[in-house]
Amino acid sequence: MAVLVQQMIPADVSGVIFSMNPLNRDRDQIVINASCGLGEAVVSGLVTPDTFFADKHHSHLRKEMGVKEMKIVSRSQGTEEVETSVAEQSRYCLLDADILALTELAKKIEAFYQYPVDIEFAVKDQLIYILQARPITT
């Protein structure tokens, strides 16, 4: 048994990457669900995240803007749910360069494990952090 202790990343943006589309099982498509703040809001379904579809073999991107109703932010004593601003709700939470970087990371992680993966990530001050990777279970 192993125990991993890692520093909490007070994310500006976070979410989940699927190295295979979990809805239609398309292995050539990467799906990214992301929102402002900590990933708990995305993972637990508390928000409608932005969704990005990236082709593994071409630079084609398709985007669907989510409502991003709220965000979870870290505080000195835990976390807090905060309403997202109109500006946060009306723009995509990731830039195209971030989406492409996350797509490349997903391809590398999938190649390492040799099966489709579900990856949790965080972005803080324009740095991408991979928090967890596991087999896709859907």
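The values are calculated or read from the model by the stated rules, or taken from the named source; none is laboratory data. As the structure is a prediction and not an experimental result, all values here were calculated from the model. Counting neighbours? That spans all protein chains shown, and the Cβs are built from the backbone with ideal geometry, glycine included.
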Here the residues within the stretch 101-124 that are outside any helix (DSSP H, G or I) and within 12 Å of Met20 (Cβ to Cβ) are Tyr115, Pro116, Val117, Asp118, Ile119
Would you confirm whether or not the stretch 126-135 contains a residue that is under 15 Å from Val13 (Cα atoms), out of contact with any His (no Cβ under 8 Å at 6 or more places or on another chain) and in contact (Cβ under 8 Å) with a residue 40 or more places away in the chain? yes
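Results for (1) part of a loop (DSSP other than H, G, I, E, B); (2) within 15 Å of Ala122 (Cα to Cα); (3) at pLDDT 95 or above; (4) within 16 Å of the chain's Cα centre (by Cα), shown as yes or no for each residue.
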site	(1), (2), (3), (4)
Met1	yes, no, no, no
Val5	yes, no, no, no
Ile17	no, yes, yes, yes
Met20	yes, no, yes, yes
Arg25	yes, no, no, no
Val31	no, no, yes, yes
Ala34	no, yes, yes, yes
Phe53	no, no, yes, yes
Ser74	no, yes, no, no
Between residues in the stretch 57-86 that are without any contact (Cβ under 8 Å) to a residue 24 or more places away in the chain and under 30 Å from Gln29 (Cα atoms) and residues that are among the aromatic types (Phe, Trp, Tyr) and in a strand (DSSP E or B), which pairs lie under 7 Å by C-beta distance while being six or more apart or on different chains? Arg62/Phe53
Phe52, sole failed condition from (1) surrounded by 15 or more Cβ atoms within 10 Å (Cβ to Cβ); (2) over 15 Å from Val16 (Cβ atoms): (2)
